[in-house]
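**Student:** Below you'll find the structure I mean.
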Amino acid sequence: MTAANSSPTPSDLRHPMFSWIYARMSRRMEAGGMSGLRTELLAGLSGRVVELGAGNGLNFAHYPRTVSEVVAVEPEPYLRTHAEGAAATAPVPVTVTPGRAEKVPLADDSVDAVVLCLVMCSLPDRAAAMAEVRRVLRPNGSLRFLEHTIAPTPGLRAVQKIVDATFWPRIAGGCHTATDPVGTISTAGFEVTELRRLRFPDIRFTQPSTPHVLGTAQMATA
């Protein structure tokens, strides 16, 4: 199930060249191991889920049938159109809608889980996005994340900061590789309960975007 929301809206963020390239590149990423990471990311979810920055919808096929509804928020029109196509064949009901992570088009305490997948690196205001995650997530809800992260070694961290300050965000839809999603999530008042650090793609050549984190968080209790 999908809603036809690919027409232009005030919340759109247009990256026409990047989105065209990403829609094709992401298919190769699936074959290189990203498909398995998506399954791991979403395993065990249930109830109503919002996915922020759903891209071209490649997560949709991996949602378990215990999920009653996915609200997929995507601000890039070209990727949103592809997401609508993916929603039509998803194993669970998916509604694709325009919007941004900094202003989620959902009511307070309205979802059982929030999914962030390869999106935090490109958010203009991560603190505002995390405040929105807290707002829409029900008590005892779950935050799942699979994100680029700052490198564990000084040399690669230096490379990340150089590319972030020069060409990388321009060619990668605003992506910044030297981000710290775990720190951002913790600062927003979440407790990270599961965390795995990994390389993707796991090949010999290390790119600035190779370090990743995959995990689960819940709102910390006082």
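**Student:** Would you point out which residue out of Val71, Val115 is in contact with an Asp or Glu (Cβ under 6 Å, 6 or more places away or on another chain), in a strand (DSSP E or B) and touching a residue at least 24 places away in the same chain (Cβ under 8 Å)?
**Tutor:** Of the residues listed, the single one that is in contact with an Asp or Glu (Cβ under 6 Å, 6 or more places away or on another chain), in a strand (DSSP E or B) and touching a residue at least 24 places away in the same chain (Cβ under 8 Å) is Val115.
**Student:** Next up: Please enumerate the residues belonging to segment 14-33 that are hydrophobic (A, V, I, L, M, F, W, C) and either surrounded by 20 or more Cβ atoms within 10 Å (Cβ to Cβ) or outside any helix (DSSP H, G or I) (or both).
**Tutor:** Phe18
**Student:** What helices (runs of 4 or more DSSP H) lie completely within segment 154-198 and have 3 or more residues being at pLDDT 95 or above, in contact with a strand residue (DSSP E or B) (Cβ under 8 Å, 6 or more places away or on another chain) and within 30 Å of Arg138 (Cα to Cα)?
**Tutor:** Answer list for segment 154-198: 181-187.
**Student:** Which condition number does Leu156 fail, the rest of (1) without any contact (Cβ under 8 Å) to a residue 40 or more places away in the chain; (2) among the hydrophobic types (A, V, I, L, M, F, W, C); (3) surrounded by 13 or more Cβ atoms within 10 Å (Cβ to Cβ) being met?
**Tutor:** Checking Leu156 against (1) without any contact (Cβ under 8 Å) to a residue 40 or more places away in the chain; (2) among the hydrophobic types (A, V, I, L, M, F, W, C); (3) surrounded by 13 or more Cβ atoms within 10 Å (Cβ to Cβ), the one that fails is (1).
**Student:** Now for a different question. Looking at segment 199-218, which of the residues that are in contact with a strand residue (DSSP E or B) (Cβ under 6 Å, 6 or more places away or on another chain) and not in a loop (DSSP other than H, G, I, E, B) is farthest from Pro139 (Cα to Cα)?
**Tutor:** The selected residue is His212.
**Student:** Can you name the residue in segment 133-145 that is assigned to a helix (DSSP H, G or I) and in contact (Cβ under 8 Å) with a residue 40 or more places away in the chain and is also nearest to the chain's Cα centre (by Cα) among such residues?
**Tutor:** Per the criteria, the residue is Val133.
**Student:** Right, next: Residues being in contact with a Lys or Arg (Cβ under 9 Å, 6 or more places away or on another chain) and either acidic (Asp, Glu) or at pLDDT below 95 (or both): count how many of those fall in segment 26-50.
**Tutor:** 2
**Student:** Considering only segment 189-211, how many residues are crowded, with 20+ Cβ neighbours inside 10 Å and closer than 19 Å to Arg144 by Cα?
**Tutor:** Residues meeting the conditions: 2.
**Student:** Name, by its number, the condition in (1) closer than 11 Å to Val49 by Cα; (2) part of a loop (DSSP other than H, G, I, E, B); (3) among the aliphatic types (A, V, I, L, M) that does not hold for Ala151.
**Tutor:** (1)
**Student:** Something else now. Applying the selection to segment 74-108, what residues are within 15 Å of Ser19 (Cβ to Cβ) and in a helix (DSSP H, G or I)?
**Tutor:** Across segment 74-108, the qualifying residues are Pro77, Tyr78, Leu79, Arg80, Thr81, His82, Ala83, Glu84, Gly85, Ala86.
**Student:** To continue, here is another question. Given the conditions (1) among the basic types (Lys, Arg); (2) assigned to a helix (DSSP H, G or I); (3) more than 15 Å from Leu146 (Cα to Cα), which single one is not true for Arg38?
**Tutor:** So the condition that Arg38 fails would be (3).
**Student:** Evaluate segment 164-180: report whether one residue or more is in contact with a helix residue (DSSP H, G or I) (Cβ under 6 Å, 6 or more places away or on another chain) and surrounded by fewer than 18 Cβ atoms within 10 Å (Cβ to Cβ).
**Tutor:** For segment 164-180, residues in contact with a helix residue (DSSP H, G or I) (Cβ under 6 Å, 6 or more places away or on another chain) and surrounded by fewer than 18 Cβ atoms within 10 Å (Cβ to Cβ): present.
**Student:** Right, here's the next one. Can you tell me which residues in segment 97-112 are charged (D, E, K, R) and in contact with an Asp or Glu (Cβ under 6 Å, 6 or more places away or on another chain)? Steps first, please.
**Tutor:** Narrowing segment 97-112 to residues charged (D, E, K, R): 100, 102-103, 108-109, 112.
Across segment 97-112, the qualifying residue is only Glu102.
**Student:** Taking the stated definitions as given, is Pro64 at pLDDT below 95 and either over 21 Å from Leu123 (Cβ atoms) or surrounded by fewer than 21 Cβ atoms within 10 Å (Cβ to Cβ) (or both)?
**Tutor:** no
The values are calculated or read from the model by the stated rules, or taken from the named source; none is laboratory data. Just so it is clear, the structure is predicted and the values come from calculations on it, not from any experiment. Note that we place each Cβ from the backbone using ideal geometry, even for glycine, and neighbour counts take in every protein chain shown.
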